[in-house]
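The block underneath contains the structure these notes are about, expressed in structure tokens.
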Amino acid sequence: MTLDDPAALARIDSHDTRGVLTDFPAQCRAAVALAPSTSGPLPRPRAVIVAGMGGSAAGGDLLAACATERLDVPVLVHRGYGLPTLAGAADLVIVLSYSGETVETLSAATTGLERRCRVVAITSGGRLAALARRHRLTSVTLPGGLMPRMALGYLFFPMLAVLRAADLVVVKDAEIDEALSGLDGLTRELAPGSPTAVNEAKRLALALGDRVPVIYGGPATGPVAYRWKTDLEENAKCLAVAGALPEMNHNEIEVWGARIPQALHVVLLRDAHEDVEISRRFTLVRELIARQTGVSEAWTRGTGTLARLLSLIVLGQWTSFYLAALRGLDPWAVPVLDSFKAQLADGSR
Ligand code: F6R
């Protein structure tokens, strides 16, 4: 199929994922305007723990990536039941679940309450919203109707407001403005109306084709590589590999000296602000990989960390959308994931 044919895209995209992705800058602006239910300060925490799974946890990863260079308080992302042993009364626990029905996140909320942590809930409804009402938790109520992984704006920006209330400024206002205006331009460049000749996401999807995507980031873009992997898996239903330099130089690099039986395509997520040592590593890694298979590079845009990371996240969202289209698959639906959750809830096995 040609990615420049609107009718062909409409045929595979009956849920209008392309409309949701096109509205992503507006979603982010709406998310910036959301305020926590209780005004007034929160105590400055010893640690911030963001508990969530899948697309919701991706909001936590973005927060942690932005916080690394700014905060003297650790931001930990917890994916799973309960909470780490360290979580206690001095800590802020943000329970983040778009649907409000994720059992691991509900369990984290309950554990946080038992341990007398300061628990803040961010959700569009479900059992998490009910729990927040019951315990009068500070909360942020999100609009519903999206797929969690497509609601990253809602799952990220409200946490900035929560952390500000706790005297922790992770991203300054000017940096938020920069990120939002960068998203406007980028979305115009990547949306279906922009032809393949000038559309980086369409070109990347064509380069990936039927090959297994291998996505490598660097110190800043490593978490974004993981987000690409999960978007490729959920949207395009294709297995993807993610890794980060310099760590992969100590293990996964060995693979590239051996014969690789599968057809792969590598995407290197480069940061315009990366350190010269990291650039040298990328050059050497690229040379090694290019002896075996195709390699593409995608670069961050913008100045602030948030603008840079979001620019590559958005490129990954669109790339996975177009890859789904090339494979003739609906990027919205996740039937296996849904049926797995239903089987767990059923409890008969
Ligand atoms: C589905 C998706 C999933 C969910 C995950 C947790 O679009 O992205 O990864 O995010 O199953 O569900 P929520 O986010 O509702 O807690």
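Counting lysine pairs in the chain whose alpha carbons fall under 30 angstrom apart, excluding pairs fewer than 8 residues apart on the same chain, gives 6. Summarising the overall dimensions of the stretch 145-251 from its C-alpha atoms, the Rg and Dmax are 16.6, 48 angstrom. Between the listed residues THR221, SER37, ALA130, the Cα displaced farthest toward the positive end of the dipole of the chain, a dipole computed from Cβ unit charges relative to the Cα centre, is found at ALA130.
How much mean residue ellipticity at 222 nm does the chain get from its helices, if each DSSP H run of length 4 or more adds -39500 (n - 2.57) and you divide by all residues, to the nearest 500 deg cm²/dmol? Intermediate values should be presented prior to the final figure.
Working: 13 runs with 161 residues, N = 349.
Value at 222 nm, helices only: -14500 deg cm²/dmol.
Using the Cα gyration tensor of the stretch 228-349, with a ≥ b ≥ c the square roots of its eigenvalues, what is the shape: rounded (a/c below 1.5), prolate (a/b larger than b/c) or oblate (neither)? Because a/c hits 1.5 or more and a/b exceeds b/c, the stretch 228-349 counts as prolate. Taking every protein chain into account, the 1.4 Å probe leaves LYS237 with about 80 Å² of accessible area, to the nearest ten. Computed from backbone phi with θ = phi - 60° and the Karplus coefficients 6.51, -1.76 and 1.60, the 3J(HN,Hα) list for the stretch 166-171 is 9, 6, 10, 9, 8, 10 Hz; x is used for glycine and proline. Membrane-span-like helices in the chain (whole DSSP H runs, Cα extent of at least 18 Å along the helix axis, mean Kyte-Doolittle hydropathy of at least 1.6): 152-165.
As an exercise, use a Förster radius of 45 Å and the Cβ-Cβ distance of ALA272 and SER39 to find the FRET efficiency, rounded to the nearest 0.05. Approximately 0.75, to the nearest 0.05.
Using a simple spin-label model with pseudo-atoms 7 Å out from Cα toward Cβ, ALA263 and ARG188 lie 3.6 nm apart. Over the stretch 274-337, the alpha carbon radius of gyration divided by the compact-protein estimate 2.2 N^0.38 Å works out to 1.48. Quick one: go through the stretch 132-167 and flag any residue whose amide nitrogen is under 16 Å from the point 7 Å out along the Cα-to-Cβ line of ASP338. From the stretch 132-167, the list is 145-150.
Stokes-Einstein, applied to the Kirkwood radius of the stretch 17-63 over Cα pairs at a viscosity of 1.002 mPa s and 20 °C, places its translational diffusion at 160 µm² s⁻¹. A probe of 1.4 angstrom, applied to the heavy atoms of all protein chains, finds PHE340 with accessible area near 120 square angstrom.
Counted by Cβ distance under 15 Å from LEU206, the other residues give a net charge of 0, where Lys and Arg count +1 and Asp and Glu count -1. Model label points for ALA89 and ARG116, set 7 angstrom from Cα along the Cα-to-Cβ axis, are 0.3 nm apart. Placing dummy labels 7 Å off each Cα toward the beta-carbon, the span from ARG203 to GLU297 is 1.3 nm. Surface composition of the chain: carbon plus sulfur atoms hold 55% of the accessible area, using a 1.4 angstrom probe and ignoring ligands, DNA and RNA. In plain terms, the bigger the Kirkwood radius, the slower the diffusion; for the stretch 122-206, with that radius from Cα pairs, at 25 °C and 0.890 mPa s, Stokes-Einstein puts D at 156 µm²/s. Computed from the C-beta positions of THR196 and ARG70 and an R0 of 56 Å, the FRET efficiency is 0.90 to the nearest 0.05. How many angstrom lie between the Cα centre of the stretch 283-314 and the Cα centre of the stretch 139-158? Distance between centres, Cα-based: 27 Å. Taking all protein chains together and a 1.4 Å probe, the residues LEU206, LEU310 rank LEU206, LEU310 from largest to smallest accessible area.
So with the 1.4 Å probe, I'd like the accessible area per residue for the chain, rounded to whole Å². Working shown, then result.
Values: 15100 Å² over 349 residues.
About 43 Å² of surface per residue is accessible.
How much net charge surrounds ALA272 when only other residues with a Cβ under 13 Å from its Cβ are counted (Lys, Arg +1; Asp, Glu -1)? Let's see the in-between values first.
Numbers: positive: ARG270, ARG301, ARG308; negative: ASP271, GLU274, ASP275, GLU297.
Net local charge, ALA272 excluded: -1.
Annotation: amide H-H contacts under 5 Å for VAL77 (H modelled 1.01 Å from N, sequence separation of 5 or more, or interchain): VAL50.
Translational D (Stokes-Einstein, µm²/s) of the chain at 10 °C and 1.306 mPa s when Rh comes from the Kirkwood sum over C-alpha pairs? Walk me through the intermediate numbers first.
Details: Rh = 20.9 Å.
D, rounded to a whole number, is 76 µm²/s.
With +1 on each Lys and Arg Cβ and -1 on each Asp and Glu Cβ, how big is the dipole of the chain about its Cα centre, in debye rounded to the nearest 20? Kindly include the intermediate steps, with their values, before the conclusion.
Details: 35 positive and 36 negative charges, 149 e Å.
Charge dipole, the chain, about its Cα centre: 720 debye, nearest 20.
The values are calculated or read from the model by the stated rules, or taken from the named source; none is laboratory data. Worth saying up front: this structure is predicted, and the values here are computed from it rather than measured. Neighbour counts run over all protein chains shown; Cβ positions are idealised from the backbone, glycine included. Surface accessibility is based on the protein's heavy atoms, side chains included, excluding ligands, DNA and RNA. Shrake-Rupley method; radii C 1.70, N 1.55, O 1.52, S 1.80 Å.
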